[in-house]
Amino acid sequence: MSGVMELSIWQVALSYVFVLVVLGILIKRGIRRERELLLASLRMTVQLILTGYALTFIFGTPSPWLTLLIISFMVAYAIRTVFQKFKGRLSTSLKKTVAGAMAAGTFSCIFYFILVVIQIDPWYQPQYFIPLAGMMIGNSMTGISLGVKSLLDGMTTQRQLVEEALNLGATPKMATHDIINSTFDAAIMPTINAMLGMGVISLPGMMTGQILSGTAPTTAVMYQIAIMLGILGAVSLTVILLLQFGYKSFFNDQDQLV
Amino acid sequence: MFEIRNLKYQEVLEIPELSIKPGVTVIAGASGSGKTTLLRLLNKSISPTEGSITYNGTELKEIPSVKLRREVLLLSQQPAIFNGDLRHNLEIGFKFQNKALPSEKAMLEMLQQVHLNKTLETEVRLLSGGEKQRLVIARVFLLAPAVFLLDEPSSALDDVTEESVIRLVVEKARRDGQSIIMVTHSKAVAAQFADEIIELEDGKIKDRGARS
Ligand SMILES: Nc1ncnc2c1ncn2[C@@H]1O[C@H](COP(=O)(O)OP(=O)(O)O)[C@@H](O)[C@H]1O
Ligand SMILES: [Mg+2]
């Protein structure tokens, strides 16, 4: 089978019509999001072009150190994104927990996935490692963002219930049990929903990409199933690590709410 | 029971010396005088900025908070009610404390004693303010701790119900050898039930004395 059909720069330019349409709607309706839309379009374009060049270089010079460096950078960037999203709302100890959960959760799942499930040889082959790790990190980041939001909201709106539980003799862990459960639920729901609709209401990006570039659909499907489960694992592990340790940041060493 | 020395909590409370003996103690004082703060210090919801509090001779600092709170139970001024039915609310403290759940009979008796004649399956959102207040009283009394800290436990009750609920609570505690430290605005309640009355003003002790 021949490779993928090339797309010319003019063809890509035509796709910006969609941005213009959205921009028109925003202006006409007076919804003040023009800046964000333009910024997002611009950043997406620039970031992807740079990534394209970077990947070309990386694929040309595969090395275990380079691969490790890149996924470390990706994880660090994801952590930073979460921090910025909750600027001013995260205590130092919660930040540490977010970073730790993100790093431990994604790294362990990525390595299990690459070494045990897919069994890439050599393991650091960048054209496998980077996109697969990227999907797991990206989804974990979304999961942990949802988790942090739901945890902060829960600890605010349900503070009275937590206090009441402490008064009735609960440990901090017991007092936050319900908040932790609903947070875990909120954080993994999008992944579960994605799985529910997969193949019917959505053809996932990786699978589509493989098919576009000439891979047999059955092979693409196998990869998709594996990565979807890998994502589920990474998201769940990251979020549960966040919650296992994160609730403690709302209490001091005297088990008092802070 | 409680000994307070050189206590300061932020700019809110300043008590050079206070001893609270077993029995029934009423804490009185205007709104904002520091009554709630004092109770919250006694169950370690908060810790003093300066000074010390001991409970039966041991510094509160040395007693694990969760252990203390199971023994010195605070019914806060605005107690939260957990979604669900009466049973859930009566049982939840036992679950938190890893204790065997109370029997159906014990729960119904307790409800009856606070004049809450509802089934255990009644949803709490259907209760009136006064009924909720009696539910939370029942909730802490079933748990039978050594000391009750009651922060205006009868503010939403009418005078008649207040009298009878507080009477019940005090008599039950006396019978079982439990102590009560209670914030109340009711002079009648204080005069009738308190062994000792402590009056706060602006975060300081204004007056204390035995029931007249
Ligand atoms: N954590 C706190 N920090 C600072 N001030 C507080 C805090 N908690 C309560 N206060 C203030 O302390 C005073 C006493 O409050 P409180 O103990 O609730 O009074 P009371 O129960 O007698 O009405 C009030 O002026 C209140 O605003
Ligand atoms: Mg008060």
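The values are calculated or read from the model by the stated rules, or taken from the named source; none is laboratory data. None of the values given here were measured: they were computed from a predicted structure. As a convention, Cβ positions derive from the backbone with ideal geometry for all residues, glycine included, and neighbour counts pool all protein chains shown. Ligands, DNA and RNA are stripped out before the accessible areas are found, and what is left, the full protein with its side chains, is counted by its heavy atoms. Shrake-Rupley method; radii C 1.70, N 1.55, O 1.52, S 1.80 Å.
Of A:169, A:199, A:214, all but one fail to be within 14 Å of chain B (Cβ to nearest Cβ) and on the phi > 0 side of the Ramachandran plot; the exception is A:169. The residue list B:39, B:68 contains one member that is modelled with pLDDT of 95 or more and either within 16 Å of ligand 1 (Cβ to nearest atom) or open to solvent by 10 Å² or more (accessible area, probe 1.4 Å) (or both), which is B:39. Considering the range A:70-128, the residues that are touching a Ser or Thr at 6+ places or on another chain (Cβ under 9 Å), assigned to a helix (DSSP H, G or I) and hydroxyl-bearing (Ser, Thr, Tyr) include one that is least open to solvent (accessible area, probe 1.4 Å), namely A:106.
Out of (1) away from ligand 2 (no atom under 16 Å from the Cβ); (2) closer than 21 Å to residue B:170 by Cα; (3) open to solvent by less than 30 Å² (accessible area, probe 1.4 Å), what's the single condition that is false for residue B:21? Tallying (1) away from ligand 2 (no atom under 16 Å from the Cβ); (2) closer than 21 Å to residue B:170 by Cα; (3) open to solvent by less than 30 Å² (accessible area, probe 1.4 Å), residue B:21 fails exactly one: (3). Please state which one of A:114, A:144 is touching a Leu at 6+ places or on another chain (Cβ under 9 Å), of a type in the set (A, V, I, L, M, F, W, C) and under 22 Å from residue A:222 (Cβ atoms). Exactly one residue qualifies, and that residue is A:114.
Screening the candidates A:175, A:186 for the property of being in the same structural domain as residue A:105 (by TED's automatic domain parsing), crowded, with 21+ Cβ neighbours inside 10 Å and free of Cβ contacts under 8 Å to residues at least 60 places away in the same chain yields one hit, A:175. Looking at the range A:138-156, can you tell me whether even one residue there is of a type outside the set (Ser, Thr, Tyr), within 14 Å of chain B (Cβ to nearest Cβ), touching a helix residue (DSSP H, G or I) at 6+ places or on another chain (Cβ under 9 Å) and open to solvent by 20 Å² or more (accessible area, probe 1.4 Å)? Looking through the range A:138-156, none of the residues is of a type outside the set (Ser, Thr, Tyr), within 14 Å of chain B (Cβ to nearest Cβ), touching a helix residue (DSSP H, G or I) at 6+ places or on another chain (Cβ under 9 Å) and open to solvent by 20 Å² or more (accessible area, probe 1.4 Å).
Does at least one position in the range A:195-204 carry a residue that is touching a residue at least 12 places away in the same chain (Cβ under 8 Å), open to solvent by less than 40 Å² (accessible area, probe 1.4 Å) and outside any loop (DSSP other than H, G, I, E, B)? No: zero hits.
Being within 14 Å of chain A (Cβ to nearest Cβ), open to solvent by less than 60 Å² (accessible area, probe 1.4 Å), free of Cβ contacts under 8 Å to residues at least 60 places away in the same chain and under 21 Å from the mean Cα position of the chain (by Cα) is the requirement here; does residue B:148 meet it? Considered against the rule, which asks whether it is within 14 Å of chain A (Cβ to nearest Cβ), open to solvent by less than 60 Å² (accessible area, probe 1.4 Å), free of Cβ contacts under 8 Å to residues at least 60 places away in the same chain and under 21 Å from the mean Cα position of the chain (by Cα), residue B:148 comes out as no. Test residue B:18 against the criterion of being modelled with pLDDT of 95 or more, within 24 Å of residue B:210 (Cβ to Cβ) and touching a Phe, Trp or Tyr at 6+ places or on another chain (Cβ under 9 Å), and give yes or no. Against the criterion (modelled with pLDDT of 95 or more, within 24 Å of residue B:210 (Cβ to Cβ) and touching a Phe, Trp or Tyr at 6+ places or on another chain (Cβ under 9 Å)), residue B:18 does not qualify. Return a yes/no flag: does the range B:36-52 have any residue that is touching a residue at least 12 places away in the same chain (Cβ under 8 Å), farther than 17 Å from residue B:203 by Cβ and away from chain A (no Cβ under 11 Å). Yes, because at least one residue in the range B:36-52 is touching a residue at least 12 places away in the same chain (Cβ under 8 Å), farther than 17 Å from residue B:203 by Cβ and away from chain A (no Cβ under 11 Å). Restricting attention to the range B:1-14, which residues are open to solvent by less than 60 Å² (accessible area, probe 1.4 Å) and within 16 Å of ligand 2 (Cβ to nearest atom)? Passing the criteria: B:9, B:12, B:13. Within the range B:189-204, residues that are within 17 Å of residue B:179 (Cβ to Cβ) and open to solvent by less than 60 Å² (accessible area, probe 1.4 Å) have Cβ atoms under 8 Å from residues that are among the hydroxyl-bearing types (Ser, Thr, Tyr) and not in a loop (DSSP other than H, G, I, E, B) in these pairs: B:194/B:25; B:196/B:25; B:197/B:25; B:198/B:25, counting only partners at least 6 apart in sequence or on another chain.
Of all residues in the range B:153-183, those being open to solvent by less than 30 Å² (accessible area, probe 1.4 Å) and within 16 Å of ligand 2 (Cβ to nearest atom) number 5.
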